[in-house]
1. On the Cα set of region 1-91, report Rg and Dmax in Å, please.
2. Rounded to whole Hz and in sequence order, give me ³J(HN,Hα) for region 82-88 from the Karplus expression 6.51 cos²θ - 1.76 cosθ + 1.60, θ = phi - 60°, writing x for Gly and Pro.
3. Evaluate E = 1/(1 + (r/R0)^6) for LEU162 and LEU133, where r is the Cβ-Cβ distance and R0 equals 30 Å; express this FRET efficiency to the nearest 0.05.
4. Local charge sum around ARG143 (other residues, Cβ-Cβ under 12 Å, Lys/Arg +1, Asp/Glu -1)?
5. In a shell of Cβ-Cβ distance under 14 Å around ALA55, excluding ALA55 itself, what net charge do Lys and Arg (+1) and Asp and Glu (-1) give?
6. Among TYR81, TYR40, which comes first, second and so on when ranked by fewest other beta-carbon atoms within 10 Å?
7. Going by average Cβ density within 10 Å per residue, which order do the peptides 67-80, 45-58, 159-172 take, highest to lowest?
8. Grab the Cα-Cα distance for ALA193 and ASN41, subtract it from 0.36 nm times how many residues apart they are, and report the gain in nm with one decimal.
Amino acid sequence: MSVKIRLQRHGKKGKPFFHIVVADARARRDGKFIEKIGTYNPITNPAVINLDVDAAVKWLNNGAQPTDTARAILSYKGVLYKKHLQGGVAKGAFSAEEADKKFAAWLEEKEGAVKNKKESLTKAQKEAKNAALEAEAKVNQARLDAAAKAEADAKAEEEAKLAEEKAAADAKLAEEKTALENAAEVVGSAAAAVVDTVANVTEKIADAVAPKNDADTEGTEEAKA
């Protein structure tokens with residue numbers, strides 16, 4: 001029987017989650033399997049892989065063939081390296097104890113690399129969040145500045161309008177005052193002319209009446225004599 005190590009999809013639409021299984025090559029992808037040896041969550045960053053390394057090595061030694069994706073996962077988790085070390089032990093290149101030390105050193109280095117990657121991602125996410133907050137603060141400040149400017153412009157426009165209306169009212173008042181002063185001057189001139197005319201007429205009347213009065217006075221005096 002041909003055996004495959006492959007991924008079996010689970011999870012919701014848009015949120016895949018995979019089981020790493022050993023199954024008959026003729027079985028459907030998501031059908032029956034012989035053994036589940038791990039899980040794979042590609043949504044997280046970095047991806048989370050839980051794998052029974054020894055079980056995976058056992059199945060590889062028994063002839064199971066991993067799919068391309070499964071092979072990449074097995075390599076990432078050190079399964080292929082451990083199988084290689086076991087081959088070296090079988091050939092007498094080094095002891096099982098030395099193989100275990102080599103694999104432990106590899107795991108430590110791998111875990112350090114994963115830790116560094118997580119820290120880098122966390123730092124990048126923090127920086128991105130801070131940058132987003134800073135950008136949002138700038139946008140909010142720009143909105144506040146724009147609102148303040150609009151309010152100041154509206155106030156200045158209103159003050160200019162009031163000043164213009166006051167200037168127009170003052171100009172109209174000054175014009176009316178000038179008109180009244182001119183009218184008063186005209187009336188004064190006319191009154192003076194009337195007074196002069198009356199005086200002239202009065203003087204003429206007086207001149208006309210004066211000789212007659214003198215004659216009457218003389219006649220009266222002669223009669224008395």
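Coordinate-derived values only; no laboratory data. Computed from a prediction, not measured in an experiment: that's the story for all the values here. Note that we place each Cβ from the backbone using ideal geometry, even for glycine, and neighbour counts take in every protein chain shown.
1. 13.4, 48
2. Along region 82-88, the couplings run 5, 4, 5, 5, 5, x, x Hz.
3. Efficiency, from the Cβ-Cβ distance: 0.10.
4. 0
5. Here the count lands on +2.
6. With the fewest neighbours first, TYR81, TYR40 line up as TYR81, TYR40.
7. Descending packing order for the listed peptides: 67-80, 45-58, 159-172.
8. Going from the current span to full extension adds 43.1 nm.
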